[in-house]
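Taking it in order: structure first as structure tokens, then the write-up.
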Amino acid sequence: MEKGLLKTIKNYWISLMEKKLPHYLPYEEKVIYLWRDEKTWWFRKDNIALFVIFSPNPKGRNEFAIELGWSKKKRFPELPMRPFLSTKEEIANPEKYEEATFRITGLREHQDGLGGFIRISGKDYETVLDNQMKILLEQGVPYLEKL
């Protein structure tokens, strides 16, 4: 992703997270399971850590994904791959997993948990990110907070 665009969309997403989900705090711990340009937030609920991950396309395309994750071990999910859950059935049965991640697009009827990256440009980034925040608030956070 173009560095200027990456900085712009990352800063806009950070402002949305601060405004809409202030109880999700930036996750500052360095872990090998996160890519360099990803930004992660977390919320500890009872005996589980919940995560929202902003993930720019690692191949440099002007695309990103929002991932959701959790760990009953109260750490960032240590998984052999991310996203981890790839089917609707897996996403529908989170109780089977101590730790997991999947792309938020997996909550939609027509997509699996791997989903695709979302294209973004300097012209439409606010609309695109606002829409992803709406999906996060209406579907993603309720999903996570039921765990």
**OP:** For Phe102, indicate whether it is within 13 Å of the chain's Cα centre (by Cα), surrounded by 15 or more Cβ atoms within 10 Å (Cβ to Cβ), closer than 24 Å to Leu25 by Cβ and of a type in the set (Phe, Trp, Tyr).
**Re:** yes
Original post:
If only one of Val141, Val128 is in contact with a Leu (Cβ under 8 Å, 6 or more places away or on another chain), open to solvent by less than 60 Å² (accessible area, probe 1.4 Å) and not in a loop (DSSP other than H, G, I, E, B), which one is it?
Top reply: Val141
**OP:** Go through segment 1-27 and give me each residue that's closer than 14 Å to Val128 by Cα and touching a residue at least 60 places away in the same chain (Cβ under 8 Å).
**Re:** Leu5, Thr8, Ile9, Tyr12, Trp13, Leu16
Subject >> Within segment 58-99, considering residues that are under 13 Å from the mean Cα position of the chain (by Cα) and of a type in the set (D, E, K, R), the one surrounded by the most Cβ atoms within 10 Å (Cβ to Cβ) >> reply: Glu67
Subject >> Residue list for segment 1-57, filter: open to solvent by 60 Å² or more (accessible area, probe 1.4 Å), assigned to a loop (DSSP other than H, G, I, E, B) and over 23 Å from Arg75 (Cα atoms) >> reply: Glu2
**OP:** Could you tell me whether any residue of segment 55-74 is touching a Phe, Trp or Tyr at 6+ places or on another chain (Cβ under 6 Å), farther than 19 Å from Ile118 by Cβ and not basic (Lys, Arg)?
**Re:** no
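The values are calculated or read from the model by the stated rules, or taken from the named source; none is laboratory data. A quick note: this is a predicted structure, and the numbers were derived from the prediction, not measured. FYI the Cβ positions are ideal-geometry reconstructions off the backbone, even for glycines, and counts take in every protein chain you see. For the accessible areas, the whole protein counts, side chains as well, though only heavy atoms, and no ligand, DNA or RNA atoms are used. Shrake-Rupley method; radii C 1.70, N 1.55, O 1.52, S 1.80 Å.
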